[in-house]
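Undergrad: A single structure is presented below for examination.
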Amino acid sequence: MLTFTLRKLLTVAGTMLGIAVLTFVITNIAPGDPARLVAGPNATEDMVATIRTEYGLDRPMIEQFAIYMKDLVTGDFGTSIVSTRPVLDELLRYAPATIELVLVAMLLGIFVGVPLGMLSAVYKDGPIDHFTRILSISGVAIPAFWFGILMQLYFSVDLGWLPVSGRLPLVTRPPEFITGSLLIDSLLAGNFKTFNTALSYIILPAIVLSFPCLASILRVNRAEMIEVLQSDYIVAARAHGISSRRIVICYALKNALLPTLAMIGLRFGWMLGSTVLVETVFDWPGIGLYAVSSALASDFKPVIGVTLLIGFLFIITNTLVDLAYAWIDPRLRRA
Amino acid sequence: MSTPLLDIKDYSLDIGTFDGPVHVLKGINLTVNRGDTLGIVGESGSGKTVLVRSVMGIGPKGSEVTQGQITFDGQDITRLTEKAWGNIRGIRISMIFQDPMTYLNPLFTIGQQISDVIAAHQRASGEGVASKSARRARTVELLDQVGMRDPDQLFDQYPHQLSGGMRQRVLIAMALAGKPELLIADEPTTALDVTVQAQVLDLIKSLVEKLNLTVVMISHDIGAIATIATRCAVMYKGEIVEQGATADILGNPQHAYTKQLLAAVPDIEAEPKRVAAAAAEPKTEKPVKLLEAHDLTKIYKSQSGEPFTAVDKVNLSVAKGEIFGVVGESGSGKSTLARMLLRLIEPTSGDIIFDGQNISGLNGEPLRQMRRHMQFVFQNPHSALNGRHTIGDAIGEPLRIQTNMSKRDIEARVEALLDIVQLPRMFKYRYPHELSGGQKQRVCIARAIALNPRLLILDEPTSALDISVQAQVLEFLQQVRAELDLTYVFISHDLAVIRQICDQTIVMKRGQIVEQGDTEKIFLSPAEDYTRALIESGRKTSRAANIGATG
C-alpha cells in the first residue's frame, strides 16, 4: 500500500508538470501582446519595450519557460493587472470559498445520491425508483444557471426563506481566518449564529451545484447495486443466513461503490469547472467569479493561476479516489 | 419411522416471463431422511438448481409455487417469511456452490466472511454474538476441519489469493459454520480441475461421515454423484423421471432419458471407438507434418516485475489429418500454447512451422493470409458469438473479411455451412440467444470452417456444454474432420474425452510437456507420475469405477 501511494504521488507530480507546460504553451500561442496589454492603450512604443524587458518577454522562449517554471515552484503566480496584487494572494483569498462550496455540494451529492441509488436498486421498479428516475433525469438535463435562478425566485424571492446571493451579509463579521471555510471557522470559534447564517447562504448554490452530480452518482450507484445484488456471492451470503440489511449495506454497497467512486472523482473536476456559472448566478466570491471577471478584463495571469489551481485540485481528488479504490479493493493493491 | 428431514410433496413452481409463466418444476416428490445422501442428476435447464434453492427459500425472483409443499423436519417451509427463514437458512440448512470464485465476496477477507456467518447465526439463535477472538478461533477451527493448511494465516487473505480448490474448501467451511442438519451441494466440483475435484469429493465424503450430515447434492457429473450419494434422482425438464439407489440407477437405468444420459458420459476406461474408422482409411506411409513448434516459450511479466513462464520450451509436431490432444489442469499453459500456435498471443521465443513455413516471424498481410488456413473454436460458445449479430452474419464474417465473394455467394456459402453443421438453413436469421449451447457451438464451428481451413484449434470446445450435447458435438467434430480433411489440435482437461477422440496426446504441467505420444499408450501405460495421478483422479470420478464401488 505504501509503495502504491508513493507511486501515485509521483504521478501527481508528473501530471502537474504537464499542466504547467500546457498552460505556458497556450498563453504563448494565444493572440495578443501581453506587454502591450499591461502598458494599456495609450502607451508609447518605448513604454511597451520597457515593460517587455521588465517582464522578460524579449528573452528566448526556453529561458522564459525556465523563469515561468522557477516562479511557479517558488509560488510566484505573477501579478494581476486589475488589482495590481500578487495572483497567489488573490487565489488564496478566493479559493476557500470555492472549495467550501464544492465540498458541501459534493457531500450533498454523495450522502443523498448513494443512499437513494441504493434504495432504488433494492426497491427496483417501486415508487422510490420512479421518483429517483425523475430526479436523476432532471438533474442531468436542467442547466445549472436556469435552475439557480428558479431556486432564487422560489426560495428567496417568493418564500423569503433563504438569502438570494452572496456568502455572508455585509453586517456580519466573518469569523477569524483559520481554514478559510466560513462554516468550519465559525464552528471552531464557537459562533453558531454566524454558522447558521453562513449555512443559509451556502444551501442554494450548493444544491444547484450538486444537482447534476447527485443525479449521476445516483444513476451509477443504482445500476451497480442492481448488478451486484444479482451476483453469486450475494446469493451465497443469503444462503449462509446473513441478514438482508447487512447484505445490502455492507456486502453489496462496498462492491457497488467502486464505480461510484470513479464517478465522484470525475464529477469533482466537473463541479470545479461549473462553479464559474454557479458563482456568477449566486454572486459567490470564489475563484470561478474571479476567473470570469479577470478574463473579461483580459487579465491573464489570474486566469492561468485559476487554471493551475483547478487542475491541481482535480488531480489531488482523483489521486485520493485511486487510493480509496485500492483501500476498498484488495485486488488493486499490488498494482 | 420418524419424520423425514426433508419432504417435498407434489411441488410445482412457475416463473413469470414476458411470454407468460414457464413451468420450471412439475410435481416434484422427494423424501430425504436423516443421514441420507441424495444425488440429483440433470442437465442445465432441468430445474435442479431452482429446486434446491427453493428448499433454501432463495428461489428465483418472480417465481410462484402453484401446488405442493416442502416440509423440513415437520415444519412447512414453502411460504415462510424472511424472518422465519432466519433460524433455518444457513443454520439448519446450508449450501455449497458451484463456482468458488464468484460465490465469495472479493472485497472481504476469508476470515471476515466466515466470522460474519458465525455472527449471523449467533444473532439468529439469540445466543448473542461472541467476541471477535472467539469467532476467529471458531473460524480457524472450521478452516482446519476442511483440511486447509495454515488456517491462521488464511484468515487474513482475500479470495483472489486462493486457488479454486482452496476457495471451495472455504465455502464448505462457511456452510458448516452453523452445524447444519441438511447440506445442499450445488455442483460443488464442476468448476474445478480433475485432481482437485477428487480431493473436494473426498473431503465432502469424509465430512458426511464425520459430522453425520444429510446431503442433497446436485450435479450433471454422474461420477461425482456416484461418489457421494447412496440414493439418486434424475431430473429432466422440471420433472423427476427416476429415483432409487444410485447403484441401481447407474447400473440398470429404466427411463429412456437416464439411459441416454448414461450412454453419453465419456468413459475413461472405454476403448476408443475410432478403430473402425481408422482401419477404413489406409494409413499413408509417412505422415506429413502440418504444424510444428520448436522451443515455444511464453514469459509474462507480472506487475511486480517478476517473470512468469506460462509455456516453457514446448516442442510438438502435429501430423496432417490427426487429432492432437493437449491435456492438463488449469494453469498448465495449454490455452496459452493454443493461442500462440495461431499467433493470437506473441511467443516470447521459439518457432512455429505451419505447412513448412515459419510463421513466427510473419506480420501484416502475409500473417493475415495465413490465418485463413488455421482457425480457433473457443470454449464458451455463449460468449464467442456477438449477441447483436445474426447467425448468418456470424458465419459470413470471415468470408467478408478474407474473400471478395459477392453478397449472394456468401449467402449461399453460409447456407452450405449450416448444412454441414446440421442446422436448419433458417437459422441464419436467428440471434445467438435463441439457440441452445450445443447449437451455438455448431455455429462457432461453422464459422471456423467457413474458409476451408486446414487446421482447427479447439480450446475445450465441449466443456461448457451438457454431457449429452457434448457427446453429439464430439461425434459431429469427427464427422466434419473426415469430410473436410481437417487436422485438429484438441485441448481438454477431460481425460475421458481426450481418450475417446485423440490420436496423439501431450500432457502439460506448469508450462512444460511431461509426457507425449500415442493416446492409447499414455492411458494404458503412463510413464510419468503426474500423468498417472491425472488418470487416477479421472478414474475416481468416472462412472464405471463408481458403479463398481457402490454396487
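The values are calculated or read from the model by the stated rules, or taken from the named source; none is laboratory data. Worth saying up front: this structure is predicted, and the values here are computed from it rather than measured. For neighbour counting, all protein chains shown are included, and Cβ atoms are generated from backbone atoms with ideal geometry for every residue, glycine included.
Undergrad: Give, as residue ranges, the helices (runs of 4 or more DSSP H) completely inside the stretch A:41-141 that count at least 2 residues that are of a type in the set (Ser, Thr, Tyr), closer than 23 Å to A:Asp299 by Cβ and under 21 Å from the mean Cα position of the chain (by Cα).
TA: A:87-122
Undergrad: Identify all residues within the stretch A:146-178 that are within 17 Å of A:Ala206 (Cβ to Cβ) and assigned to a loop (DSSP other than H, G, I, E, B); write none if there are none.
TA: Correct list: A:Trp161, A:Leu162, A:Pro163, A:Val164, A:Ser165, A:Gly166, A:Arg167, A:Leu168.
Undergrad: Here's another thing I want to ask about it. Quick one: which of B:Arg79, B:Arg92 is more than 14 Å from chain A (Cβ to nearest Cβ), surrounded by fewer than 21 Cβ atoms within 10 Å (Cβ to Cβ) and under 17 Å from A:Arg238 (Cα atoms)? Show your work before the answer.
TA: Values: B:Arg92 fails: more than 14 Å from chain A (Cβ to nearest Cβ).
On inspection, the qualifying residue turns out to be B:Arg79.
Undergrad: Inspect the stretch B:132-145 for any residue being among the β-branched types (Val, Ile, Thr), in contact with a Ser or Thr (Cβ under 9 Å, 6 or more places away or on another chain) and modelled with pLDDT of 90 or more and give the result as yes or no.
TA: Taking every residue of the stretch B:132-145 in turn, at least one turns out to be among the β-branched types (Val, Ile, Thr), in contact with a Ser or Thr (Cβ under 9 Å, 6 or more places away or on another chain) and modelled with pLDDT of 90 or more.
Undergrad: Could you please find all residues in the stretch A:221-254 being facing another protein chain (nearest Cβ under 9 Å), among the β-branched types (Val, Ile, Thr) and touching a residue at least 12 places away in the same chain (Cβ under 8 Å)?
TA: A:Ile234
Undergrad: Right, next: I want to confirm something. Restricting to the stretch B:206-238 and keeping residues that are modelled with pLDDT under 90 and of a type in the set (D, E, K, R), which single residue is farthest from B:Thr195 (Cα to Cα)?
TA: B:Lys237
Undergrad: Restricting attention to the stretch B:319-344, report how many residues are of a type outside the set (S, T, N, Q), closer than 21 Å to B:Val507 by Cβ and outside any strand (DSSP E or B).
TA: Residues flagged as of a type outside the set (S, T, N, Q), closer than 21 Å to B:Val507 by Cβ and outside any strand (DSSP E or B) within the stretch B:319-344 amount to 10.
Undergrad: Ok, one more. Can you find even one residue in the stretch B:219-227 that is surrounded by fewer than 24 Cβ atoms within 10 Å (Cβ to Cβ), more than 14 Å from chain A (Cβ to nearest Cβ) and either over 30 Å from B:Glu475 (Cα atoms) or among the hydrophobic types (A, V, I, L, M, F, W, C) (or both)?
TA: no
Undergrad: Next up: Kindly indicate whether any position in the stretch B:193-213 is of a type in the set (Val, Ile, Thr) and either under 29 Å from B:Ile15 (Cβ atoms) or within 14 Å of chain A (Cβ to nearest Cβ) (or both).
TA: Restricting attention to the stretch B:193-213, the residues satisfying the condition of being of a type in the set (Val, Ile, Thr) are B:194-196, B:200, B:204, B:208.
Now drop any that are not either under 29 Å from B:Ile15 (Cβ atoms) or within 14 Å of chain A (Cβ to nearest Cβ) (or both), which leaves none.
No, the conditions are met nowhere in the stretch B:193-213.
Undergrad: OK, next. Kindly evaluate B:Asp156 against the criterion of being within 12 Å of chain A (Cβ to nearest Cβ) and surrounded by fewer than 14 Cβ atoms within 10 Å (Cβ to Cβ).
TA: So B:Asp156 fits the description; yes.
Undergrad: Okay, moving on. I'm trying to understand the selection: among the residues of the stretch B:375-407, which are assigned to a loop (DSSP other than H, G, I, E, B) and more than 23 Å from B:Asp459 (Cβ to Cβ)?
TA: B:Arg388, B:Thr390, B:Thr403, B:Asn404, B:Met405, B:Ser406
Undergrad: While we're looking at this one, here's another question. Consider A:Ile184 against the criteria (1) over 24 Å from the mean Cα position of the chain (by Cα); (2) surrounded by fewer than 19 Cβ atoms within 10 Å (Cβ to Cβ); (3) of a type in the set (A, V, I, L, M, F, W, C): it satisfies all of them except one. Which criterion is unmet?
TA: Condition (1) is where A:Ile184 drops out.
Undergrad: Select from the stretch B:98-110 the residues that are surrounded by 24 or more Cβ atoms within 10 Å (Cβ to Cβ) and farther than 20 Å from A:Tyr325 by Cα and write down the one among them that is farthest from the other protein chains (Cβ to nearest Cβ).
TA: B:Pro100
Undergrad: Among all residue pairs at least 6 apart or on different chains, which show Cβ distances below 9 Å where the first residue, located in the stretch B:241-260, is within 18 Å of B:Gly47 (Cβ to Cβ) and the second is among the aromatic types (Phe, Trp, Tyr)?
TA: Going by the 9 Å Cβ cut-off, the qualifying pairs are B:Val241/B:Tyr257; B:Glu242/B:Tyr236; B:Glu242/B:Tyr257; B:His255/B:Tyr236; B:Tyr257/B:Tyr236; B:Thr258/B:Tyr236.
Undergrad: Collect the residues in the stretch B:111-121 that are farther than 20 Å from B:Asp186 by Cβ and more than 7 Å from chain A (Cβ to nearest Cβ), keeping them in residue-number order.
TA: B:Gly111, B:Gln112, B:Ser115, B:Ile118, B:Ala119
Undergrad: Could you give every pair whose Cβ atoms fall below 8 Å, whose first residue belongs to the stretch B:123-134 and is away from chain A (no Cβ under 14 Å), and whose second residue is part of a helix (DSSP H, G or I) and surrounded by 10 or more Cβ atoms within 10 Å (Cβ to Cβ), counting only separations of at least 6 or pairs across chains?
TA: B:Gly128/B:Gln122; B:Ala130/B:Ile118; B:Ala130/B:Ala119; B:Ala130/B:Gln122; B:Ala130/B:Arg138; B:Lys132/B:Ser115
Undergrad: Take the residues of the stretch B:265-300 that are under 30 Å from B:Asp221 (Cα atoms) and crowded, with 18+ Cβ neighbours inside 10 Å: which is modelled with the highest pLDDT?
TA: Only one residue fits best here, namely B:Val265.
Undergrad: Just name the residue that is surrounded by the most Cβ atoms within 10 Å (Cβ to Cβ) out of those in the stretch B:408-457 that are among the aromatic types (Phe, Trp, Tyr) and not in a loop (DSSP other than H, G, I, E, B).
TA: Among residues in the stretch B:408-457 that are among the aromatic types (Phe, Trp, Tyr) and not in a loop (DSSP other than H, G, I, E, B), the one surrounded by the most Cβ atoms within 10 Å (Cβ to Cβ) is B:Phe427.
Undergrad: I've got another one for you. Report every pair of residues separated by at least 6 positions or lying on different chains whose Cβ atoms are under 7 Å apart, first residue within the stretch B:354-369 and small (Gly, Ala, Ser), second assigned to a loop (DSSP other than H, G, I, E, B).
TA: B:Ser360/B:Pro347
Undergrad: On to the next question. Taking the stretch A:281-335, which residues are of a type in the set (Asp, Glu) and surrounded by 16 or more Cβ atoms within 10 Å (Cβ to Cβ)?
TA: Here is the first cut: in the stretch A:281-335, the residues of a type in the set (Asp, Glu) are A:283, A:299, A:322, A:329.
Those that are of a type in the set (Asp, Glu) and surrounded by 16 or more Cβ atoms within 10 Å (Cβ to Cβ): A:Asp299, A:Asp322, A:Asp329.
Undergrad: Moving on to the next point. Listed residues A:Ser294, A:Ser298, A:Ser274; which is touching a Pro at 6+ places or on another chain (Cβ under 7 Å) and either of a type in the set (Ser, Thr, Tyr) or farther than 19 Å from A:Gly109 by Cα (or both)? Quick ask: steps written out before the conclusion?
TA: Details: A:Ser298 fails: touching a Pro at 6+ places or on another chain (Cβ under 7 Å); A:Ser274 fails: touching a Pro at 6+ places or on another chain (Cβ under 7 Å).
Result: A:Ser294 is the single residue among A:Ser294, A:Ser298, A:Ser274 that is touching a Pro at 6+ places or on another chain (Cβ under 7 Å) and either of a type in the set (Ser, Thr, Tyr) or farther than 19 Å from A:Gly109 by Cα (or both).
Undergrad: I'd like the full set of residues that are assigned to a helix (DSSP H, G or I) and either surrounded by fewer than 20 Cβ atoms within 10 Å (Cβ to Cβ) or of a type in the set (A, V, I, L, M) (or both), limited to the stretch A:225-239.
TA: Answer for the stretch A:225-239, where residues must be assigned to a helix (DSSP H, G or I) and either surrounded by fewer than 20 Cβ atoms within 10 Å (Cβ to Cβ) or of a type in the set (A, V, I, L, M) (or both): A:Met225, A:Ile226, A:Glu227, A:Val228, A:Leu229, A:Asp232, A:Ile234, A:Val235, A:Ala236, A:Ala237, A:Ala239.
Undergrad: Check the stretch B:307-318 and report whether any residue there is closer than 30 Å to B:Gln197 by Cβ, touching a Ser or Thr at 6+ places or on another chain (Cβ under 7 Å), modelled with pLDDT under 90 and surrounded by fewer than 11 Cβ atoms within 10 Å (Cβ to Cβ).
TA: Within the stretch B:307-318 (the criterion being closer than 30 Å to B:Gln197 by Cβ, touching a Ser or Thr at 6+ places or on another chain (Cβ under 7 Å), modelled with pLDDT under 90 and surrounded by fewer than 11 Cβ atoms within 10 Å (Cβ to Cβ)), the answer is yes, since at least one residue qualifies.
Undergrad: Still on this model: So, of the residues in the stretch B:112-131 that are assigned to a helix (DSSP H, G or I) and among the hydrophobic types (A, V, I, L, M, F, W, C), which turns out to be modelled with the lowest pLDDT? So that I can check it myself, show each step before the final result.
TA: Keep residues of the stretch B:112-131 that are assigned to a helix (DSSP H, G or I), which gives B:112-125.
Still in the running and among the hydrophobic types (A, V, I, L, M, F, W, C): B:114, B:117-120, B:124.
On the way: B:Ile114: 92, B:Val117: 90, B:Ile118: 90, B:Ala119: 89, B:Ala120: 87, B:Ala124: 79.
By that ranking, first place goes to B:Ala124.
Undergrad: Oh, and also: Please count how many residues of the stretch B:411-442 are of a type in the set (Gly, Ala, Ser) and at pLDDT 85 or above.
TA: Residues in the stretch B:411-442 being of a type in the set (Gly, Ala, Ser) and at pLDDT 85 or above: 2 in total.
Undergrad: Name the one entry in A:Val292, A:Val303, A:Val276, A:Val281 that is out of contact with any Ser or Thr (no Cβ under 8 Å at 6 or more places or on another chain) and assigned to a helix (DSSP H, G or I).
TA: A:Val276
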